[in-house]
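The values are calculated or read from the model by the stated rules, or taken from the named source; none is laboratory data. Just so we're clear, the structure is a prediction, and the values are computed from it rather than from any experiment. Every residue, glycine among them, receives a Cβ derived from its backbone with ideal geometry; neighbour counts consider all protein chains shown. Surface areas here come from the heavy atoms of the whole protein model, side chains and all, with no ligands, DNA or RNA. Shrake-Rupley method; radii C 1.70, N 1.55, O 1.52, S 1.80 Å.
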Amino acid sequence: DHVVLHTFFTDETLQRCVATVKEAAEQAGRNPDDVTVWSCYATVGDHLPDELRLKKTVARLATYLQGYGDLMVRTNDWDPAVLERFRADAVVRSIGGGIDHKATAGQIEHIATLIPDEWLEPAATGSSAQCAARVRQEFGYGADAVIMHGATPEELAPVVAEYRLLMP
């Protein structure tokens, strides 16, 4: 009835996944509209302190790359050589466990130099209004619903307020 997609999926990946889910529902004899596809979308506004924003974007993606980087790279059609450089980096290798939980601010700043901007692009960042607009765009790529991921309800409050202004 519901499919929740992963965080940091590119727009193309979201469109492809939605099409796959809807086609599979139809092939299974179900109405594709009865299957809700959720985009789990990193939403981190610039009203948060820089260090926290890096932790919720760079460090979070780095943790995913630690665990299943090959799958993320294949799914998003990213350059596998970048993943290999990331994995080979001495700072990355020195962190025992999830980077988003274990790394220091300095380590995260270093890791930010290893991850291309295009890999961090599939996220709602910037002002609260920019974040709200980016979340809204996910529907244009086929998502039926969006989970604003990576921030607490209090941290998301300004984004939600802006999002409400976008609703008819």
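Positive end of the charge dipole of the stretch 34-168 (Lys, Arg +1 and Asp, Glu -1 on Cβ, about the Cα centre): tell me which of Ser94, Asn76, Val37 has its Cα farthest that way.
The residue sitting farthest along the positive end of the dipole is Ser94.
Could you order peptides 51-58, 21-28 by the average number of other Cβ atoms within 10 Å of their residues, highest first? Please list the in-between numbers first.
Details: 51-58: 19.0, 21-28: 13.8.
So the order, starting with the most tightly packed, is 51-58, 21-28.
Which part of the stretch 113-139 falls in the paramagnetic zone of Thr152, meaning amide N under 19 Å from the point 7 Å along Cα-to-beta-carbon?
Only 128 fall inside the zone, counting backbone N under 19 Å.
Take the alpha carbon gyration tensor of the stretch 24-135, find the square roots of its eigenvalues, order them as a ≥ b ≥ c, and report rounded if a/c is under 1.5; if not, report prolate when a/b exceeds b/c, else oblate. Provide the component values of the computation, followed by the final result.
Details: a/c = 2.48, a/b = 1.42, b/c = 1.74.
Here the stretch 24-135 falls in the oblate category.
Could you look at the chain and say what percent of its accessible area is carbon and sulfur, using a 1.4 Å probe and all protein chains?
Working: 4590 of 8660 Å².
The C+S portion of the solvent-accessible surface of the chain is 53 percent.
What accessible surface, in Å², does a 1.4 Å probe find on Met72, ignoring ligands, DNA and RNA and rounding to the nearest 10?
Looks like 10 Å² after rounding.
If each residue of separation counts as 0.36 nm, what is the full-extension length gain between Asp89 and Asn31 once their alpha-carbon separation is subtracted? Present the calculation step by step, with values, prior to reporting the outcome.
Numbers: separation 58, 0.36 × 58 = 20.88 nm, distance 4.73 nm.
Result for the pair: 16.1 nm of gain on full extension.
Considering only protein heavy atoms, what is the solvent-accessible area of Arg16 at a probe of 1.4 Å, reported in Å² to the nearest 10?
Its heavy atoms expose roughly 90 Å² to the probe.
Where the centre of each part is set by its Cα atoms, how far does the stretch 6-26 sit from the stretch 126-145, in angstrom?
16 Å
If you wrap a convex hull around the Cα atoms of the stretch 1-75, how much volume per residue is inside, in Å³? Write out the running numbers ahead of the final one.
Numbers: hull volume 7.9 nm³, N = 75.
Considering the Cα atoms of the stretch 1-75, their hull volume per residue is 105 Å³.
By how many degrees, 0 to 90 and rounded to 10, does the Cα axis of helix 60-76 deviate from the longest principal axis of the chain?
Helix 60-76 sits at roughly 50 degrees to that axis.
Can you give the net charge of the other residues whose Cβ lies under 12 Å from the Cβ of Gln15, counting K and R as +1 and D and E as -1?
-1
Any idea of the accessible area per residue across the chain, 1.4 Å probe, to the nearest Å²? Intermediate values should be presented prior to the final figure.
On the way: 8660 Å² over 168 residues.
About 52 Å² of surface per residue is accessible.
In the full protein assembly as shown, how much of Ser128 is accessible to a 1.4 Å probe, in Å² to the nearest 10?
Number for this one is 20 Å².
Relative contact order for the chain using alpha-carbon pairs under 8 Å, separation at least 6, rounded to a whole percent? Don't skip to the end; give the middle numbers.
On the way: 236 pairs, mean separation 57.6, N = 168.
This gives 34 percent for the chain.
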